[in-house]
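What follows is calculated from the coordinates using simple rules that are stated; it is not laboratory data. Keep in mind that this is a model prediction, so the values were computed, not measured. Cβ coordinates were reconstructed from backbone atoms using ideal geometry, including for glycine residues, and neighbour counts include every protein chain displayed.
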Ligand SMILES: [Zn+2]
């Protein structure tokens, strides 16, 4: 039997009984170093044991004295959490005409295309997704389906959604948001989102970077008082808030408004990072959509001046990420998948590489995609760690991600709720 066949067999067995495997090393999502020669016992739903010592017999099938199999040259790590993705969009195309055509489809098609991607997203090792907003109900539809599987077995990643992002009429975000002007007050707007099924509240506090000028050229959409009002209303409804914010001012309004996470955060300052650390506001830096503008500059028609701006922006973002990490700001990995040139799944693995390139250790990057993310985003189930009581959702690979997270792009097997899903060395971005 090949290793894959063994894993497929054991995954199927895990639906009937506890399965015991030994692995060369375990990255549990939490520890700062891999654990050598670890034993994992799991059933299809939850992990029963994960440590460098033998499991106690009570959790094993009767009379089992040896592991079912040993994977000595493998690393086992938790499935990853993608904290910023737009399920309704297809990220891979960079051609504007193609992207516009895509958006002209009826909303039912967006949902169909989103569902068709889930297998490949799982193949990338992503088990949980925080959708970051759409006005077509795709995220909400997927999230409502995902809720049916909480506590049970699923064949798709868990996903939750804020529904449409909140923005201002005539300002950035009309393609994914619904204006606050449609409601009598910020509280009424938040309540409408919650009644429509929103798991969180997404607000667009700023505009976006003007790549030609290399800065954010518009003032924030939302004053601090408005952000505060939205955050307070969300809190009363038991919902977290996440703020799209680029430009120092937009970031400031988000922090002073008291959101849970700052998304993007280009042009963030050291002072702001200090405040975020002290107020326990997490940062989702999303390098991918800006890095893409450099990688595909020719296709996008950017000249040397624009590429110069983009490189400067990425460099200072890298510096701030290192500082944030050193200062103890909680960093959560998210790619902005669905935005121009950022494919779902693969774009997230690229984002992790960007974080490593910025100077974070592979282990720090992996924590930001697992335990840190899970702790910050408070999902309804225990995920993001390989530890007893957590869902049996993990990756097995011979290409050690603690050496470089680029290894996550390589061949691997994803164990997800009693299924073994093979992922080849190179996945195509088609449909993503
Ligand atoms: Zn986004």
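Which order do peptides 58-65, 244-251, 44-51, 91-98 fall in by mean Cβ count within 10 Å, highest first?
Output ranking for 58-65, 244-251, 44-51, 91-98: 244-251, 44-51, 91-98, 58-65.
Compute the angle between helix 3-13 and the longest alpha-carbon principal axis of the chain, please, reported from 0 to 90 degrees and rounded to the nearest 10.
Once rounded, one gets 90 degrees.
With runs of 4+ DSSP H residues as the only contributors, calculate the mean residue ellipticity of the chain at 222 nm using -39,500 (n - 2.57) per run, divided by the residue total and rounded to the nearest 500.
Only helices count here, giving -10500 deg cm²/dmol.
For the stretch 400-432 and the stretch 188-233, what is the centre-to-centre distance using only Cα atoms, to the nearest Å?
Cα centroid to Cα centroid, the span is 34 Å.
Going out from 0 in 5 Å bins, what whole percent of all Cα-Cα distances in the stretch 151-254 drops into each bin?
The distribution over the stretch 151-254 is 2, 13, 22, 23, 16, 10, 7, 5, 2, 0, given as percents.
Would you give the gap between the C-alpha center of the stretch 145-177 and the C-alpha center of the stretch 57-106, rounded to a whole Å?
Answer, in whole Å: 18.
Report the Stokes-Einstein translational diffusion coefficient (µm² s⁻¹, integer) for the chain, Rh taken as the Kirkwood radius over Cα pairs, at 10 °C with viscosity 1.306 mPa s. Intermediate results must be reported in sequence, preceding the final value.
Working: Rh = 21.9 Å.
Estimated via Stokes-Einstein, D reaches 72 µm²/s.
In the stretch 204-347, what % of DSSP beta bridges are antiparallel (nearest 5)?
Expressed as a percentage, antiparallel bridges in the stretch 204-347 total about 10.
Subtracting the Cα-Cα distance from 0.36 nm times the residue separation, let me have the gained length for residue 213 to residue 411 in nm, one decimal.
67.2 nm
Tally the DSSP beta bridges in the chain and give the antiparallel ones as a percent, rounded to 5.
Percentage antiparallel, nearest 5: 45.
Give me the distance between the Cα centres of the stretch 351-393 and the stretch 20-35, rounded to whole Å.
13
Given the Cα-Cα distance of residue 174 and residue 112 and 0.36 nm per residue of separation, how much length would full extension add, in nm? Please report the intermediate quantities before stating the final value.
On the way: separation 62, 0.36 × 62 = 22.32 nm, distance 2.20 nm.
Answer, rounded to one decimal: 20.1 nm.
Just check the stretch 1-113 against the gyration tensor rule for me: Cα atoms, a ≥ b ≥ c as the square roots of the eigenvalues, rounded for a/c under 1.5, and otherwise prolate or oblate depending on whether a/b exceeds b/c.
Since a/c reaches 1.5 and a/b is larger than b/c, the shape of the stretch 1-113 is classed as prolate.
Expressed as an acute angle from 0 to 90° and rounded to the nearest 10, what is the orientation of the C-alpha long axis of helix 248-257 relative to the principal long axis of the chain?
Here the helix axis deviates by roughly 70 degrees.
Full-extension gain between residue 144 and residue 269, please, as 0.36 nm times their residue separation minus the C-alpha to C-alpha distance.
Gain on stretching residue 144 to residue 269: 41.2 nm.
Once you put a point 7 Å from the Cα of residue 31 and another 7 Å from the Cα of residue 61, both along the Cβ direction, what distance in nm separates them?
Taking the two extended label points, one gets 2.7 nm.
Run the numbers on the chain and let me know its relative contact order in percent, using alpha-carbon pairs under 8 Å that are six or more apart.
21
Would you mind computing, in nm to one decimal, how far apart the modelled labels at residue 224 and residue 307 are, each placed 7 Å from Cα along Cα→Cβ?
4.1
In nanometres, what is the gap between the two model label sites at residue 187 and residue 315, each 7 Å from Cα along Cα-to-Cβ?
4.9
Could you compute the FRET efficiency for residue 5 and residue 425, with r as their C-beta to C-beta distance and R0 at 25 Å, rounded to 0.05?
Between residue 5 and residue 425 the formula returns 0.85.
Need one number: % antiparallel among DSSP beta bridges in the stretch 117-250, to the nearest 5.
10
Just to confirm the number: angle between the C-alpha axis of helix 224-236 and the first principal axis of the chain, 0 to 90 degrees, nearest 10?
Around 40 degrees separate the two axes.
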